[in-house]
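See structure below.
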Amino acid sequence: MAPQGDVPLQGNVDVDAGTLERLYRGLRRIRRVEEEVARLYPSDKIKSPVHLSIGQEAIAVGVCDPLRADDVVAPTYRGHAAYLAKGGDLNGMMAELYGKVGGCARGKGGSMHLIGMERFILGASAVVGTTIPLALGFALALKREGKGRIAVAFFGDGATEEGVFYESLNFAALHRLPLLFVCENNFFAIHTPLEKRWATDRLCERVATYDIPTTKISDGDVIKIHAWTTESAAALRTGAGPRFLECHAWRWREHVGPGEDYDAGYRARADLAAWQQNDPVERIGGRIAAPVRAAVDAAIEREIADAVAFAEASPFPDAEELTAHVFAE
Ligand SMILES: Cc1ncc(C[n+]2csc(CCOP(=O)(O)OP(=O)(O)O)c2C)c(N)n1
């Protein structure tokens, strides 16, 4: 029952060159998309609030890369990274942020409500903790389906304070559901730090009492996250019960919006600097041959420019759309 602690993976884990390049592309693509969103934001073309995950990309990329295309993921309102990492359409995401009809939710949801069911990306919600029971329900359905598919619930440290988190841990463990719980612990719920919210920071120990194997990765290493997911997903496909991953991460920007908030006084810029020195985009990028990296980077810039052009060209939804898709038809 004891958590595996902070040294979860035996020996040095690494990946082959192809995977390394894929991980780099995934990390860099999300980083650049969100930087572009931040750059565009003051123009007021983006019509919804944005919760950027710059600095946290390694979790979505490390978890989603080993998944099967037909596995199900539930991203949060801070969900650009998981949406993109699971193969969500970038044009659809950008147009969604613009409130345009070409958006993945036809422009009616915005950044907090991305969805991509063709890639088994569940619709996100602004309500903290909702990914957990949603993914749990899908995990139950996938178990009954019996095709070896698994589900992933992404959620923040704040979501572990919701009662449904503990109900879901219990239900998933009791029924041995194929569900990966992935907690993105960035130490803050909006501006409130863990020390003011948790009696202890031993989250993995709490989860382990449900007889769920737990792992904590506190350095944001995408390769460790990838290794954990590869191993855990394989186990789940053959009937092992759920697993839990706590990943420490640093949200580089403000809670919501494109800027920084180090003058708000609730956290220190020195912490940002420490995490930036350990930036996975640069860490992985530094292992890619320079010409390959340049080609990947250039392709990403072209893709982003195309997505912005797509969003600009897409019309706003017609007024009749307002009541469409409200009830199941
Ligand atoms: C049920 C519920 N309670 C409160 C809020 C207000 N709220 C929005 S974001 C947030 C912080 C959540 O923190 P965390 O789960 O750690 O995710 P992060 O924003 O750090 O990614 C809160 C309390 C909400 N949206 N939903």
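Things worth noting here:
- The residue list L179, A294, G87 was ranked by how far each Cα lies along the charge dipole of the chain toward its positive end, using unit charges on Cβ atoms, and L179 comes out on top.
- Sulfur and carbon atoms: percent of accessible area, segment 17-313 [1.4 Å]: 54
- Other residues with beta-carbon under 13 Å from the beta-carbon of R176 carry, at +1 per Lys or Arg and -1 per Asp or Glu, a net charge of +3.
- Accessible area, probe 1.4 Å, largest first, for residues T160, T230: T230, T160
- Close Lys pairs in segment 17-313, defined as Cα atoms under 29 Å apart and 8 or more places apart or on different chains, number 19.
- Here segment 17-313 is treated with +1 on each Lys and Arg Cβ and -1 on each Asp and Glu Cβ, and its dipole about the Cα centre works out to around 640 debye.
- Listed residue (Y41, A74, A139) projecting farthest to the positive dipole end of the chain, Cβ model: A139
- Helix-only arithmetic for the chain: the sum of -39500 (n - 2.57) across DSSP H runs with n ≥ 4, divided by the residue total, places the mean residue ellipticity at 222 nm at -12500 deg cm²/dmol.
- Point-charge dipole on Cβ atoms (K/R +1, D/E -1) for segment 44-101, about Cα centre, debye to 20: 200
- Global form of segment 188-298, assessed from the alpha-carbon gyration tensor, a/c cut-off 1.5: oblate
- Top of D14, D44, D71 by mean-square fluctuation, Gaussian network on the chain, Cα under 10 Å: D44
- Summed residue charge, Cβ within 12 Å of E321's Cβ, Lys/Arg positive, Asp/Glu negative: +1
- Within a Gaussian network of the chain (alpha carbon springs, distance under 10 Å), most fluctuating of L90, L194, L114: L194
- Summary value for segment 17-313: 23 percent relative contact order, contacts being C-alpha pairs under 8 angstrom separated by 6+ residues.
The values are calculated or read from the model by the stated rules, or taken from the named source; none is laboratory data. This structure is a prediction, so every number in the text was calculated from the model and none was measured. For neighbour counting, all protein chains shown are included, and Cβ atoms are generated from backbone atoms with ideal geometry for every residue, glycine included. Side chains included, ligands, DNA and RNA excluded: accessible areas come from the protein's heavy atoms. Shrake-Rupley method; radii C 1.70, N 1.55, O 1.52, S 1.80 Å.
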